[in-house]
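Visitor: Sharing a structure, written as structure tokens. Questions coming.
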Amino acid sequence: MTGNNPNSSEVPIPPTDAERSTRSCRYCIVGCGYEVYKWPVGEEGGPTADENALGVDYPAGYGEWPSPNMHEIIEEDGQEYHIIFKPDTEYPVNEDGAHSIRGGTQAESLYTPNNEDYDDRLKHPQIRIGGELTPVDWDTAIEAWARATEIATENGDDPNGYGQKLYFYQFVENTFAGTKLCYDVIGSPNWGGHNRPALTTEVPGIVNAGLAQWSYAYEDAEKADTMVLAGCNVKENQNIIFSNYITSGGAALVVIDPRRTFLANYAENNGGVHLQLNEATDPILLNAIARHIVDQGWHAEGFIEEWVMDDRATIDEEGWYQEELGTTPEEYYDLLDDERYAPENAAETTGVPAAEIREAAELIAQPDDEETNTLFMLEKGLIWGWSHENTGAMANLTLLTGSVGRPGTGITRGGGHQEGFWTNGSEGDAIAERSTQTFDGERVEDVTLPPNATERVKNGEVSHWHVIGNDPARHSYSTQDLRNTLRERTSGAQPQSADIDEIERAFRERIENGGLVITHQELYPNTTTQYADIVLPARAVESGEGGDYHRWNGERRLRQYEGFMEGPSNAKEDWEIFAMMGQRLGADDMDWEDSRDIFNEICEEYPGTGGDHSLEGIAPAAEANDMTPAEYMETVDDGVQQPIYEEDGEVQGTPRIHAPDGEREVMDHRFHTSTGEAIFQRVDWDRVVDTDEGLTIGDVYDRLSPGEDELWVTNGRLEQLWQNMYTHERLEYINKRFPQNIIQLHPNDAAEHDIEAGDLVEVTNDDVFHLNGENEDGSFTAVAYVLDPEEAVQGMPVQEGLAFTYWMYPGQASNDINPAYLDPANPNPGYKYGKGTLRRLGESGIKDEMSFKPMNVAPE
Ligand SMILES: Nc1nc2c(c(=O)[nH]1)N[C@H]1C(S)=C(S)[C@@H](COP(=O)(O)OP(=O)(O)OC[C@H]3O[C@@H](n4cnc5c(=O)[nH]c(N)nc54)[C@H](O)[C@@H]3O)O[C@H]1N2
Ligand SMILES: Nc1nc2c(c(=O)[nH]1)N[C@H]1C(S)=C(S)[C@@H](COP(=O)(O)OP(=O)(O)OC[C@H]3O[C@@H](n4cnc5c(=O)[nH]c(N)nc54)[C@H](O)[C@@H]3O)O[C@H]1N2
Ligand SMILES: [Mo]
């Protein structure tokens, strides 16, 4: 495991004729710019600016030269090439060559046939024959996929038999082609994203307040006086926002996280506060902060009067969701008056001292300043829980302080991947017409919601599940239960030969007996592939295999990225695979020549007019310049922030959403409701989420809470690792740093179970909660990470009664213990709210190999 580079302490200099392409980082939302240089092995540039493609004189300054791990050698068609993957010093997002630790490893993660670490890359279509995945040709694979679809949907009479689980992330060209296949060609509503089971919003409380989930410009993190970071570990997961914007701007940070992370310590060391709340108590904490702001009269009355809806009847007219969950300001203040939200009482439930609640309220409201410049950022610690309450409470604070639409203000997600989600035009209609799942709340009936497609795989409604670029058997909720179902439902008749009629016979027999066929479209085999019948090899377009693509980052900056390598020669880009499938089922509008054709179709036919991500200016600007949209975007070097308009024959971007009317005519309305006013959301611990049993959020919290001898076991990310580690598990330094998954434990909890740092621990939950089913069992293993109290110079990463682990580690993933709690008003899973008991299994064997030093020591 050394990478492909034979001499990893030197970097060759690209010659002047090296091929240069623009890329974004393949990893997180921030979307740092990179440039890639490619040239044949054997050639080399010289040390003066006119002798090399970088245009720099050596020795060069920081950021101007690539480091050794930004260089690799790949092989294509028998020829070896040098590849350099270095930060783009000119790109506005990460000027000066900044990059994350993950971004810096992108060259090392490129596929090449001459490196055994990549041997498991999927290179040919395969079908499971007699139990073994067997290579077949593309025609057979696509025909098998089509026949499985025809059987599952009864030749189209019952489209519900097909389910698709496709990434939300990736490039707009691929998500467009995939959703076109699912919604338009097949007509099934059973669509789920890569991280959740339905086409829901991740931030219902924000969206329903009339706010955009991505409303800010990165520079706002530099301009804010206070920044609230709730359940968002921006230092490890959206690194460059932290290092290039937050630290340089010097905002006081209010960090809301049950763990004492580096970020939490950084906040405390630099004029901010860490609210170390008990797991899952955010709605109470956030309401207590809001109550103190209102009690002190620090709220922005003028803004609220002008911009927040205050008439009950008008709110009700906005639709069922607002009828149920929207409030007037008066109703909202009344709700905050509940004794539960008095700081002293909230302190008891949340574990955050009342004085800190008041301190946070003051930092957020900034009573001494004429204008409040607070930026609110949240991510998975809030989203994967009480998603309406948590995100609604953050939206309420934003509106309460009127801190939105100006530089240094706003509300936004921290973000996961860069976004490239684009559905075809009729997607919304498809859901409304075909969805049958209803929110069965007390006051709301007959309401359509996108169905939970994973539940429909479990209950048998879906009999052909098409999974693309994600690993549900590992990332979903209550995964032991899901895997048992997948095993059972795929265990029926198996094809005995590669003959297409034999394949069809077996699929038919299986499906007619209540079974399931799974197609998995992937780069590498993962947990889900174990159950797959049809396995299709995709090109890694994120790392430059294939054509040119578009996607946008956390400040809605859309940019084109160029492909620069091939990948496995028999693999195909995802859109190509979707196009073959669609055409086989009779579609006559999927005959694209390349990814640019798709982008042109999107800009010309479905530009998303009027939305936060509207592309409407691209086609007119392209036309004015006598180009196609894709050709035009190639000329927009720095990308352009959505919504995109056309002015004088060029595209114009929008730095931030919700600017006051008149500043720029960007949207029909300042806030996204029919009147243009925002709506406070009812954030209520007593909201009923299950009418049959009369369960409230508070009741579910009690059921999820650890019992005797159990701990909360929450989960999330670590700076060095990316997702299911499909790239990182191949890197030598990762295998040294994290040879196994870790579980952070408080020394008292560890001692109680005779566990020491470096021991292998099993976590078991024999009571995995199901809102609408029977509770299940689940367990996983990880290596105990326990700090010696003397070394914990800035505190323990976890408090007593809480454990934290990485959620996607191969073979040691944690979701078997996580609850099947999905809010019926918006089916997002409560992935963060796991619990379990600890058991020492024995020595892990890596005690002396792995570092157990503190990871949370932050500078002043
Ligand atoms: N290094 C790295 N970066 C990544 C990724 C990666 O795999 N690795 N993945 C990307 C993706 S897809 C995503 S979605 C984002 C996710 O980005 P984040 O949401 O920042 O990531 P997490 O670590 O999952 O969760 C954030 C924090 O939530 C805290 N938390 C747990 N329970 C609670 C709770 O009840 N309340 C509160 N307030 N906090 C809680 C955890 O302690 C954790 O520190 O990261 C992106 N960036
Ligand atoms: N407990 C818990 N569970 C969670 C979360 C949590 O915080 N806690 N977070 C949720 C979130 S936010 C996320 S994002 C998910 C992550 O769950 P997944 O999305 O399942 O995880 P990834 O590792 O991102 O999976 C991406 C897969 O796509 C493949 N791939 C990459 N590029 C391409 C491509 O171009 N084409 C194709 N066909 N395949 C490709 C990779 O090989 C990899 O196997 O987990 C979710 N589950
Ligand atoms: Mo994510």
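A short reminder: the numbers here are calculations on the coordinates, not readings from a lab. Worth saying up front: this structure is predicted, and the values here are computed from it rather than measured. Glycine gets a Cβ as well: all are built from the backbone with ideal geometry, and neighbour counts include every protein chain shown.
Visitor: Where does the range 196-333 land on the Kirkwood hydrodynamic radius, alpha-carbon pairs, in angstrom?
Guide: It is 17.2 Å.
Visitor: Before rounding to the nearest 500, sum -39500 (n - 2.57) across all DSSP H runs of length at least 4 in the chain and divide by the residue total; then give [θ] at 222 nm in deg cm²/dmol.
Guide: -7000 deg cm²/dmol
Visitor: Exceeding 26 Å between C-alpha atoms, which entries from my cross-link table qualify? They are K86/K235; K86/K736; K235/K853.
Guide: Flagged as over cut-off: nothing, all pairs pass.
Visitor: Would you kindly state how much longer the chain becomes between E509 and E219 on full extension, computed as 0.36 nm times their sequence separation minus their alpha carbon distance, in nm to one decimal?
Guide: That pair, E509 and E219, stretches by 98.5 nm at full extension.
Visitor: Rg(Cα) of the range 695-844 divided by 2.2 N^0.38 Å?
Guide: 1.07
Visitor: While we're looking at this one, here's another question. Can you give the Kirkwood hydrodynamic radius of the range 140-221 from its Cα pairs, in Å with one decimal?
Guide: That comes to 14.9 Å for the range 140-221.
Visitor: Which FRET efficiency value, to the nearest 0.05, is calculated for S497 and E80 with the Förster distance at 45 angstrom and r the Cβ-Cβ distance?
Guide: 0.70
Visitor: Using the number of other C-beta atoms within 10 angstrom as an exposure proxy, rank T398, T635, T201 with the fewest first.
Guide: Ascending number of Cβ neighbours within 10 Å: T635, T201, T398.
Visitor: I'd like the distance separating the alpha-carbon centroids of the range 547-611 and the range 170-222, in whole Å.
Guide: Comparing the Cα centres of the range 547-611 and the range 170-222, I get a distance of 16 Å.
Visitor: Right, another one. Given an 8 Å cut-off on Cα distances and at least 6 residues of separation, report the relative contact order of the range 651-752 as a percent.
Guide: The normalised contact order for the range 651-752 reaches 9 percent.
Visitor: Can you list residues from other chains, or at least 5 along the same chain, whose modelled amide H is less than 5 Å from the amide H of D690?
Guide: Correct list: L695.
Visitor: Report the FRET efficiency, 1/(1 + (r/R0)^6), for E154 and N775, where r is their Cβ-Cβ distance and R0 is 30 Å, rounded to 0.05.
Guide: Plugging the Cβ-Cβ distance into 1/(1 + (r/R0)^6) gives 0.30.
Visitor: Quick one: length gained pulling E647 to D702 fully straight, 0.36 nm per residue minus the C-alpha distance?
Guide: So the chain would gain 14.2 nm between E647 and D702.
Visitor: Continuing with this model, one more query. Taking only C-alpha pairs under 8 Å that are 6+ residues apart, what is the relative contact order of the range 135-267 in percent?
Guide: 15 percent.
Visitor: Quick check: convex hull over the Cα atoms of the chain, volume per residue in Å³, rounded to an integer?
Guide: Cα-based convex hull of the chain, divided per residue, equals 161 Å³.
Visitor: I've got another one for you. Go ahead and run the numbers for FRET between D848 and E562, Cβ-Cβ distance against an R0 of 45 Å, rounding to 0.05.
Guide: The calculated FRET efficiency here is 0.50.
Visitor: Oh, and also: Given contacts defined as C-alpha pairs under 8 Å and at least six residues apart, what's the relative contact order of the range 446-516, whole-number percent?
Guide: 32 percent
Visitor: Along the charge dipole of the chain, pointing to its positive end and built from +1/-1 on Cβ of Lys, Arg, Asp and Glu, which listed residue (A630, V462, T609) has its Cα farthest out?
Guide: It is V462.
Visitor: With each label point set 7 Å from Cα along the Cα-Cβ vector, what nm distance links N484 and M627?
Guide: 5.7 nm
Visitor: So what are the ³J(HN,Hα) numbers for the range 778-794, from phi and the Karplus equation (6.51, -1.76, 1.60; θ = phi - 60°), rounded to whole Hz, Gly and Pro as x?
Guide: Coupling constants for the range 778-794: x, 7, 7, 10, 6, 8, 5, 10, 10, 7, 5, x, 6, 8, 7, 5, 10 Hz.
Visitor: Would you give the gap between the C-alpha center of the range 506-539 and the C-alpha center of the range 293-346, rounded to a whole Å?
Guide: 49 Å
Visitor: Lysines near K180 by alpha-carbon distance under 20 Å, same-chain residues fewer than 8 away left out - which ones?
Guide: Qualifying lysines at Cα under 20 Å: K165, K572.
Visitor: For F769, F852, F171, what's the fewest-to-most ordering of other Cβ within 10 Å of each Cβ?
Guide: Result, fewest neighbours first: F852, F769, F171.
Visitor: So if each residue of separation counts as 0.36 nm, and I subtract the Cα-Cα distance between D295 and L841, what length gain in nm does that give?
Guide: 191.3 nm
Visitor: Could you give the size of the charge dipole of the range 619-774 about its Cα centre, using +1 on the Cβ of each K and R and -1 on the Cβ of each D and E, expressed in debye and rounded to the nearest 20?
Guide: 340 debye
Visitor: Let's see if you can work this out: charge +1 on each Lys and Arg Cβ, -1 on each Asp and Glu Cβ, no other charges. What is the dipole magnitude of the chain about its Cα centre, in debye to the nearest 20?
Guide: 1900 debye
Visitor: Could you give the nm distance between label points at A858 and E800, where each point is 7 Å from its Cα heading toward the beta carbon?
Guide: 2.5 nm
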